[in-house]
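First up is the structure itself, then whatever we jot down about it.
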Amino acid sequence: MPMTHRSILNQLAGGVLVEAIENDVKRCARWARLSPDKAARAQAEIGADVIDTLMLRWQGVLDSDDTVATPLYRHTIALALATALHQQGFHCPALTARAIAAIKALNDAVALSDHFQRRSAEIRALLLSAPVMPTRRPGHQKGHTQWRAGDVASVRVDDRYHAMYVLSVGHGAPIVEFYDYLQQEPPTIAALRALCARGTRTNGEDSYLFRHALFGLIHQPDPAHQFVLLASGAEGPDNRHLLRHDGLYTVSDVFRITQDLRHYP
């Protein structure tokens, strides 16, 4: 039987980790292929957008040290990312190189099955082959979040940290707002107690509530280690100084909010 992407991902036995990576890759690929100019865009151009968006979420844990994630965890991430991207028709040379190295590391550690070790050459060959984009874009990814009202989390974007508070859960997604926190060190609960809610500017100098429904933020703990729980059942930040919109919140997802936070303020 020829080697397939499904077979590789199943053999990783990564459980929630592999599931989260697959869902994230499909979410990014779906959005990139929904672009109105998709017919005029080359496959490599679409792939570059997908990879840039995806790695904004996963690069931190991939490049972390052993205090954040074990080497085998990081090797599994590299191989799962490269495989899931290749399955959707995309190729990242740097990530593929890490995935090839991960195959050897996982075999050296006897972390996976004999079947994986015996077919490692076929896995390498598949990842190094030219990817083919599926005719149909990935379907809508559904899932119900494990985050709960009252959760407080640190959010890492590049080398900066933000702080998030879960107000409630609606339609399977956490409804969140952010503390007025932006530092190069992770926040602490003690530091957050003294901070108000972050607002967003619209026309003029008025500052409004900055609330979002984060679809795609499902697992807790977060397999990407980007959203790190600090406390549960906590009081939220004071937002009385902020004006209210007509709507309750903005519908978003983990990738769009990450892009927003990357360019904040």
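Here are the numbers for the structure shown:
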read-out: 3J(HN,Hα) from dihedral phi, segment 220-225, Karplus parametrisation 6.51/-1.76/1.60, rounded to Hz, x for glycine, proline; value: 9, x, 6, x, 7, 6
read-out: The chain, accessible surface, carbon-and-sulfur percent (1.4 angstrom probe); value: 53 percent
read-out: Cα-centre dipole for segment 1-130 with unit charges at Cβ (Lys and Arg positive, Asp and Glu negative), debye to 20; value: 380 debye
read-out: Global geometry of segment 90-206, whether rounded, prolate or oblate, following the gyration tensor of its Cα atoms and the 1.5 cut on a/c; value: prolate
read-out: Nearest-20 debye value, the chain charge dipole, Cβ charges on Lys, Arg, Asp, Glu; value: 840 debye
read-out: Rh by Kirkwood over Cα pairs, then Stokes-Einstein D for the chain at 1.567 mPa s and 4 °C, µm²/s; value: 66 µm²/s
read-out: Rounded Å value of the spacing that divides the Cα centres of segment 110-185 and segment 76-103; value: 15 Å
read-out: Listed residue (17, 139, 226) projecting farthest to the positive dipole end of the chain, Cβ model; value: 139
read-out: Axial C-alpha extent at least 15 Å, average Kyte-Doolittle at least 0.0 - helices from the chain (DSSP); value: 43-62, 71-87, 93-108
read-out: Å² per residue, accessible surface of the chain at 1.4 Å; value: 50 Å²
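The values are calculated or read from the model by the stated rules, or taken from the named source; none is laboratory data. Just so you know, these numbers come straight off a predicted model, no measurement behind them. FYI the Cβ positions are ideal-geometry reconstructions off the backbone, even for glycines, and counts take in every protein chain you see. What goes into the accessible areas is simple: the full protein's heavy atoms, side chains included, and nothing from ligands, DNA or RNA. Shrake-Rupley method; radii C 1.70, N 1.55, O 1.52, S 1.80 Å.
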